[in-house]
1. Looking at the stretch 286-312, which of its residues are under 19 Å from S404 (Cβ atoms) and not β-branched (V, I, T)?
2. When you look at S359, is it among the polar types (S, T, N, Q) and within 22 Å of V301 (Cα to Cα), yes or no?
3. Scan the stretch 282-289 and tell me whether some residue there is in contact with a His (Cβ under 7 Å, 6 or more places away or on another chain), in contact (Cβ under 8 Å) with a residue 12 or more places away in the chain and closer than 30 Å to D342 by Cα.
4. Please go through the stretch 275-288 and give me each residue that is surrounded by fewer than 18 Cβ atoms within 10 Å (Cβ to Cβ) and acidic (D, E), ordered by number.
5. Go over the candidates G223, G207, G237 one by one and state the one that is among the small types (G, A, S), surrounded by fewer than 15 Cβ atoms within 10 Å (Cβ to Cβ) and closer than 30 Å to L58 by Cβ.
6. Within the set of pairs 6 or more residues apart or between chains, which connect a residue that is over 24 Å from D102 (Cα atoms) inside the stretch 124-142 to a residue that is modelled with pLDDT under 80 and part of a loop (DSSP other than H, G, I, E, B) with Cβ atoms less than 6 Å apart?
7. Please verify whether the stretch 189-209 includes one or more residues that are among the charged types (D, E, K, R) and either within 23 Å of G74 (Cα to Cα) or within 20 Å of the chain's Cα centre (by Cα) (or both).
8. I'd like to know if the stretch 247-267 contains one or more residues that are closer than 14 Å to L184 by Cα, in contact with a helix residue (DSSP H, G or I) (Cβ under 7 Å, 6 or more places away or on another chain) and not β-branched (V, I, T).
Amino acid sequence: MLDRTGGSDGTDRHRTRGPVTEHGTSGAGAPLGREAIDASLRGLRADRERISAALLDLDGHDGFRLLDGASLEGETWRRWNEVQDRVALLWRLFAEYQRVLDEAVAVRARRSRPDADDLATLTRLLTGDAVEMPGGEIPLEQRTLLGPPVERVTLREAVARMSEAFERAAAVIAAADAAWTALLVPLEAAEEAWRETARLAQRLGAGRDPVLDRLGRELTALGRTVRTDPLSQVRDGVADTARLDGVRGELTRRRDELMAAVEVRDGYDARTRELAALIGAVADAEEEARRARTTVVVKIVDPGVPEASPVAAALGDRLVALDALRTSGRWSDVAARVADLDRAARAALASANEHRALSTGLLDRRAELRGRLGAYQAKAARLGLVEDDELTRLHAAAKDLLWSAPCDLRRATAAVAQYQRAINAAETGTGTRR
């Protein structure tokens, strides 16, 4: 950034002069002393070196070169035109700045101790309105019949004008460079994803792909915008990649679909054999669930196990229907239906196993209660309570419930628990038998 602070001569770099005619300039005030002039020259020469370096850096900036070599449109084109005007003004104003400064250096070099005329000239050059602003900066409404008036400013004011132009130009260049940096990477990734997806579509040989065609058109439009008008994609100072991300997401999904279609085509026979085996497993599981339910309905009172509708036959019909799609070469549809059929078959298998587990779980619960009743009967024998009438009655009631068909599990569970509490009470001597 160009230096915009005050100089050693005490002048304010932000001071602005109005236009004057070409026949005169504003006065420079009282002459400066030799020491003040030498200090001012040192500061101005240092400014010149910094300004020159900054202008060269600007010209060499990657963003400047990209903008300079690109075919631009829209908002970026409009702002780049403004930047070019500002940069051209910068160089012209810098040349005028150097001319005045070189003249001052030459005057100062005439003699080691400048006389009054030299001091007056140097004061005028260093602090007066000696720098003529380049043409083209005067608005039309400020011009006269004889042409635009000539605006003159001090060296320090020239630095302030150059700083403002530099900062505004640099801001646009940096913004465009940042936008390109943020947008080109996802754009190129999306373009490569489209090419990869197009190659997969060609491998399938199914003709034009409407989804891919639509995404290709959208990506082409986005690519043109990103490359020619990146600043139009900037929101609140940040490049907006939402549209690119959306296209990339759709391309990823389409690529996955086509890849699945290629895999199904290349391994169709093996894949359908796997599905047939899976559907066979569903049929077996449904038959096991049916038999288990038939058993539990006979052996358990009100088991609450719903009767499941078998789906294995319907799944088999869907598998057979795949051959028609295969014959017509509709591999994307084949892949989608294979995936759906696989999900449906696995869900049916899980459902059949769950129904079987509900039935067998009730039978397992009855067996567990029988085993617990036997264990507590053995405990009663160890405690010498076999002849206890109350325990004998409770044991007989529980056993009758558990060995009856159908078995009332709720009542049997309560009966075994009551028998267990009675034995525990007898063991601890509490006498509590409920």
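The values are calculated or read from the model by the stated rules, or taken from the named source; none is laboratory data. Note that the coordinates shown come from a computational prediction; the quantities given were computed from them, not determined experimentally. All Cβ positions, glycine included, derive from the backbone under ideal geometry; neighbour counts span all protein chains shown.
1. Of everything in the stretch 286-312, those that are under 19 Å from S404 (Cβ atoms) and not β-branched (V, I, T) turn out to be K299, D302, P303, G304.
2. Yes, satisfied.
3. yes
4. Those that are surrounded by fewer than 18 Cβ atoms within 10 Å (Cβ to Cβ) and acidic (D, E): D284, E287, E288.
5. G237
6. Filtered contacts from the stretch 124-142: I138/P148.
7. Yes, the stretch 189-209 has at least one match.
8. Yes, that holds for at least one residue.
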